[in-house]
Amino acid sequence: MIMHALSKSRYTAFRQCPKNLWLKIYKPEEAVEDPSLQARLDQGNEVGDLAMQYFDDYEEVTTYSQGRLDLSAMVKKTQQCMRSSVENICEASFEYKGNYCAVDILHKEGRGWAIYEVKSTTASPGKIDRSKIAPYLPDIAYQTWVLEQCGVKVTGSYLLCLNKEYRRGRELNIQDMFVALDLSKEIDHEYRLIDDTVRRAQKIINSDVEPEIDLSEDCYKPYPCAFFEYCKRQHGISKPSVFDAYRMKGEDKIEHYRQGHTSFEDLRNEELTPNQRRQVENTLNNTIEINKDGIRRFLSQLSLPLYFLDFETMQSAVAEFEGVKPYQQIPFQYSLHIAKRPGKYNHLEYLAESDGTDPRRGVAEQLCDDIPANVCVLAYNMPFEKNCLKELAYTFPDLSRHLMRIHDNMVDLLVPFREGYYYVPAMGGSFSIKSVLPALFPNDPKLDYRNLKDVHNGSEAMDIFPKIRTMSRREAERTRESLLSYCKLDTWAMVKIWEKLVEVAR
């Protein structure tokens, strides 16, 4: 049997759940990965590359052999750098009795060395949010332990993350862009657990017997487990179940599960929110709920002409443009359907050039041309659109008044569904437009996002737009058409939903 080593990623997987670690090694195909995972990994790599410059000069020891990381070579190079008085070693690598770790930045500090673990999360300077840093403590504690077992004097254990208050100038300022949080004291509890945890983790990864572990709060912490669907199947849990309940906290779902309240039938006599109760009862009874008075009250807020607005945005951990914060939503596109009366519609749209320049000015100017200041504007889940408008108004003071009038005259088309005025069991407890639309129009191929090419959701739009500038002309044209088709369907979907509300309110 192959003997498996323990790394910091495997250690943290074990700390979440021993079964999580075992499945990563022996049944990785059972993982259900987040579709946006690769984009997050790419952003993390970009942040990591820039972080290497935090202390100016550095030596990186990353080494490949036959297309794979050569860990033994990296360990040797790290020792050579430490002996050669290199003050900043990136990917500094250490191994102790089958325990391996690579430190993002190992910084010489007096007679010892400080560990800097780089993450693409955000923090404010000098402020430690304990709930936010908790997921990183096992990782940093494990690195500290491995280095000390190797005889390295560790003088500090830091989390190096993005400064949430930083706005980019004309050029990136690496020192201002990052925040270093000293977690040396915060890791104390985790550090005391490591000896025993390492022994148990090594036993798990070198056993071909799948551990029997029940569902627990750890399935959600510090993030939802990629193997959760696999484990639910093992416990005979089928949809719909308590794990599909609308906006129920993970720990509450687990508590219901422990009490044997797993199916929707089991939940009937339990304390639920109104929307959870509606989801359970209408699913079990296969009934549609329509509150005409509530829908009429909502519709009474609207006045023709109606402007249905949807933005597409991109966001980057590393601010690309002047005045931008980390992870700020940058609108590059919008679709606008205008209803002068039911059945009479115009469509306008805007898609910025794909040349890597800041798209915001073009979006803001065209938006002010396309939407008068005093009309009724509808969005679906409007806080997103409102935030885009506020940021555009902040960035362009000359357009601020007009943009904020659009902002102030906005109504959220999500409301009648969130408030329970209209509920169809096919919504599955979700009120997103991707759930509501097929529930209201189940057999309309023109309203089926799956029939679109290349771009089917906002995450795909966000990921693909920045890549257009590296595409061939033909591929770029196709991608731009796909973006336009996707965004157009979002606002057309809003039109159809509004029409349906008008219809059922009669």
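Overview of results
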read-out: Fewest-first ranking of 215, 309, using other Cβ atoms within 10 Å as the exposure measure; value: 215, 309
read-out: Entry for Rg and Dmax of the Cα atoms in Å (calculated from the structure that is shown) out of [x] 26.4, 81; [y] 26.6, 118; [z] 26.0, 100; value: [x]
read-out: Efficiency of FRET from Cβ geometry, residue 80 and residue 182, R₀ 25 Å, rounded to 0.05; value: 0.35
read-out: Approximate spin-label separation residue 234-residue 426, in nm, with each point projected 7 Å along Cα-to-Cβ; value: 3.6 nm
read-out: Anisotropy class of segment 414-468 from Cα gyration tensor, a/c 1.5 cut; value: oblate
read-out: Relative contact order (percent, whole number), segment 137-238, Cα cutoff 8 Å, 6+ residue spacing; value: 25 percent
read-out: Within straight-line cross-link reach of residue 108, aspartates and glutamates at Cα separation under 17 Å, skipping those fewer than 8 residues along the same chain; value: 56, 57, 59, 60, 87, 91, 117, 148, 182
read-out: Angle in degrees between helix 473-505 and the longest Cα principal axis of the chain, rounded to the nearest 10; value: 50 degrees
read-out: Segment 295-505: mean projected area of Cα convex hull, nm²; value: 11.9 nm²
read-out: Overall form of segment 233-346 per C-alpha gyration tensor (a/c, 1.5; a/b vs b/c); value: oblate
read-out: Which of 33, 477 has the fewest Cβ neighbours within 10 Å, and the rest in rising order; value: 33, 477
read-out: Segment 295-505 - percent relative contact order, Cα under 8 Å, separation 6 or more; value: 24 percent
read-out: Alpha-carbon centroids, segment 116-190 and segment 466-487: separation in whole Å; value: 38 Å
read-out: Footprinting exposure proxy for 155, 121 (fewest neighbouring C-beta atoms within 10 Å first); value: 155, 121
read-out: Nearest-ten-degree value, helix 360-370 long axis tilted from longest Cα axis of the chain; value: 10 degrees
read-out: Distance (nanometres) between label positions extended 7 Å along Cα→Cβ at residue 346 and residue 451; value: 2.8 nm
read-out: Helix 137-149 vs. the chain, principal-axis angle (Cα, 0 to 90°, nearest 10); value: 10 degrees
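All of the numbers you see were taken from the coordinates with simple rules; none came from a lab. What you see is a predicted model; the values in this text were computed from it and never measured. Because the Cβ atoms are built from the backbone with ideal geometry, glycine has one as well, and the counts that use them run over all protein chains shown.
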